[in-house]
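**Q** Below is the structure I would like to discuss, written out as structure tokens.
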Amino acid sequence: MEIKSFIEQFYTLWTQDYWRDELFTIFVSRNSYYDIILLTAKDFNPPLFYFLTKVVSDSFKDSPFYLRQIPLFFHILSSLVSYKLARLFVSKLPAFLFAILVLTNTFLVFYSFELRPYSAMVFLAILSVYFFFSKNKVGFVISNVLGLYTHTYYLIFYLMFFVFQKLKIVQKYKIEILFVNVSTLFSDLKPIILKRYLLLPLIFYLPWVPVLIAQTISKNKGFWLEKVSIFELFSSVFTYLGGFNYIPVILTIVILVIYLAIFRLGFNKIKSEISKISLVFGFFPIVISVLVSLFTPVFTVRYLIFTVPFLLLFFVGLIDNQQKNVKAVLMFLVLILIMIYSYVDYFSFNNPTNYRYGYLAYEVLSETDIKPEQIITNLPIHYFGIKYYFEREGIKSGNVKYFNLNKTFPHFIGDVVIDKDELIDTYPKQKSYIYLGKEDF
């Protein structure tokens, strides 16, 4: 029965109706490739994931079953590449454990069923680190270029390769930078000079840099992020390590204490290369985002999803460093923790009802004899859902309207895919319409 419940839960997660962010992806991908570039340049993220979505949707329409295979495909690949990466540093069993941790981490699983670029970003992050340490220069360049054109925050991850190489800023006076004496500057810069391919992804990214600057400036038009709170920082710790944050508080605290104890005991015992990877690619991006958020809000848990595998890698490296019997016990305990976390968390997988307003509205009205010519709403966060489901089921294209006295739509919700004729400031007098407001459901 439990296995059946798991299968049903995953199938529901796979095929359930789209929510707002996914519908934005669909609306963008309905355009030509050239228009996708223009639209994404006015929004936030680069166009690569929308290109891929367009390729699939042109063949299979907007079916959730097919479109959600895109992020799921990247999630499975992430697990496979995780094993390859871990094998560069640890033995087979801990490497296999690492692949299982990545595959079953409920935070990663959640976004592997969401039609957004997060799973692709995780895969490309793991792949680029694997190519970096396996000395595959071509693979390194290609994976990072793809990552940079997949999500804006991937730039943070890419820059961590320079931190890893101890790249330093020349100072006039002898000071300490990144715990390394500047007197060793030239010897530390030597790896950078010899590895010029590190700069190639950035060179390929240059055409998008003016767009990135413009997007940063346009953030003043409205941005949904707020300054980071202590609660969000605390919750992000066990969200990354254990899964999504629907876990009972007591269980979370217990598991967090176990993780911290392992970290404290093993920090100086773990293989140095793995500890550096975990620190630079797992911990540093979070710290940087938090520090920047003290001045302007940029920190959000899912945008830094690429840190998750590298935080998990630390514990795998620690286990590999133990004696054979201790290693077996630790692997068993970790697998038990995975099962507990997964059992509690997988059954919490549902898109919040308030984000599925458009689909619910359609379901209710479809059971009546009401056949309006137009659908009007003043709810920007639900507009894409209302537009998608009502137009799909019979309302003529262009007859779903957003009511606003200023005839404006919030930029951070996705105004780039809203046509001007969809915005109204008066109600129609000669057409029947249904008005969907905050109190309808």
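The values are calculated or read from the model by the stated rules, or taken from the named source; none is laboratory data. Since this is a predicted model, take the numbers as computed values, not measurements. As a convention, Cβ positions derive from the backbone with ideal geometry for all residues, glycine included, and neighbour counts pool all protein chains shown.
**Q** Looking at segment 159-169, can you tell me whether even one residue there is under 24 Å from Phe49 (Cα atoms), part of a helix (DSSP H, G or I) and either polar (S, T, N, Q) or at pLDDT 95 or above (or both)?
**A** Checked against the condition, which is being under 24 Å from Phe49 (Cα atoms), part of a helix (DSSP H, G or I) and either polar (S, T, N, Q) or at pLDDT 95 or above (or both), segment 159-169 yields no hits at all.
**Q** Another one. Restricting to segment 101-120, name every residue that is at pLDDT 90 or above and either over 27 Å from Ser57 (Cβ atoms) or not assigned by TED's automatic domain parsing to the domain that holds Val28 (or both).
**A** Val102
**Q** A further question follows. Could you name every one of the helices (runs of 4 or more DSSP H) located completely within segment 32-94 that has at least 3 residues being out of contact with any strand residue (DSSP E or B) (no Cβ under 6 Å at 6 or more places or on another chain) and closer than 22 Å to Ser128 by Cβ?
**A** Of the helices (runs of 4 or more DSSP H) lying wholly inside segment 32-94, those with at least 3 residues that are out of contact with any strand residue (DSSP E or B) (no Cβ under 6 Å at 6 or more places or on another chain) and closer than 22 Å to Ser128 by Cβ span 48-60, 69-87.
**Q** Go over the candidates Lys396, Lys431, Lys420 one by one and state the one that is at pLDDT 85 or above, among the basic types (Lys, Arg) and either within 24 Å of Asp35 (Cβ to Cβ) or not assigned by TED's automatic domain parsing to the domain that holds Ser63 (or both).
**A** One residue alone meets the criteria, Lys420.
**Q** Still on this model: Go over the candidates Leu379, Leu313, Leu318 one by one and state the one that is closer than 30 Å to Leu127 by Cα, within 26 Å of the chain's Cα centre (by Cα) and at pLDDT 70 or above.
**A** Among Leu379, Leu313, Leu318, only Leu313 is closer than 30 Å to Leu127 by Cα, within 26 Å of the chain's Cα centre (by Cα) and at pLDDT 70 or above.
**Q** Only one of Glu367, Glu363, Glu391 is acidic (Asp, Glu), out of contact with any His (no Cβ under 9 Å at 6 or more places or on another chain) and over 20 Å from Glu22 (Cα atoms); which?
**A** Glu367
Residues checked against (1) over 22 Å from Pro380 (Cβ atoms); (2) in contact with a Pro (Cβ under 9 Å, 6 or more places away or on another chain); (3) at pLDDT 90 or above:
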site	(1), (2), (3)
Leu13	yes, no, no
Asp17	no, yes, no
Ser29	no, no, yes
Thr40	no, yes, yes
Val55	yes, no, yes
Asp62	no, no, no
Ile70	yes, no, yes
Leu97	yes, no, no
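**Q** Answer yes or no: is there a residue in segment 121-139 that is touching a Lys or Arg at 6+ places or on another chain (Cβ under 7 Å) and at pLDDT 50 or above.
**A** The answer is yes, given that some residue of segment 121-139 is touching a Lys or Arg at 6+ places or on another chain (Cβ under 7 Å) and at pLDDT 50 or above.
**Q** Scanning segment 43-100 for residues that are within 20 Å of the chain's Cα centre (by Cα) and of a type in the set (Gly, Ala, Ser), which turns out farthest from Val122 (Cα to Cα)?
**A** By that ranking, first place goes to Ala99.
**Q** Which of the residues that make up segment 53-71 are surrounded by 17 or more Cβ atoms within 10 Å (Cβ to Cβ) and either of a type in the set (Lys, Arg) or closer than 30 Å to Ser278 by Cβ (or both)?
**A** Lys54, Arg68, Ile70, Pro71
**Q** While we're looking at this one, here's another question. Given the options Ile126, Ile76, name the one that is touching a Leu at 6+ places or on another chain (Cβ under 8 Å), β-branched (Val, Ile, Thr), under 26 Å from Lys54 (Cα atoms) and free of Cβ contacts under 8 Å to residues at least 40 places away in the same chain.
**A** Every option except Ile76 fails the conditions.
**Q** State whether one or more residues within segment 344-351 are β-branched (Val, Ile, Thr), under 23 Å from the mean Cα position of the chain (by Cα) and at pLDDT below 70.
**A** Yes, there is a match, as at least one residue in segment 344-351 is β-branched (Val, Ile, Thr), under 23 Å from the mean Cα position of the chain (by Cα) and at pLDDT below 70.
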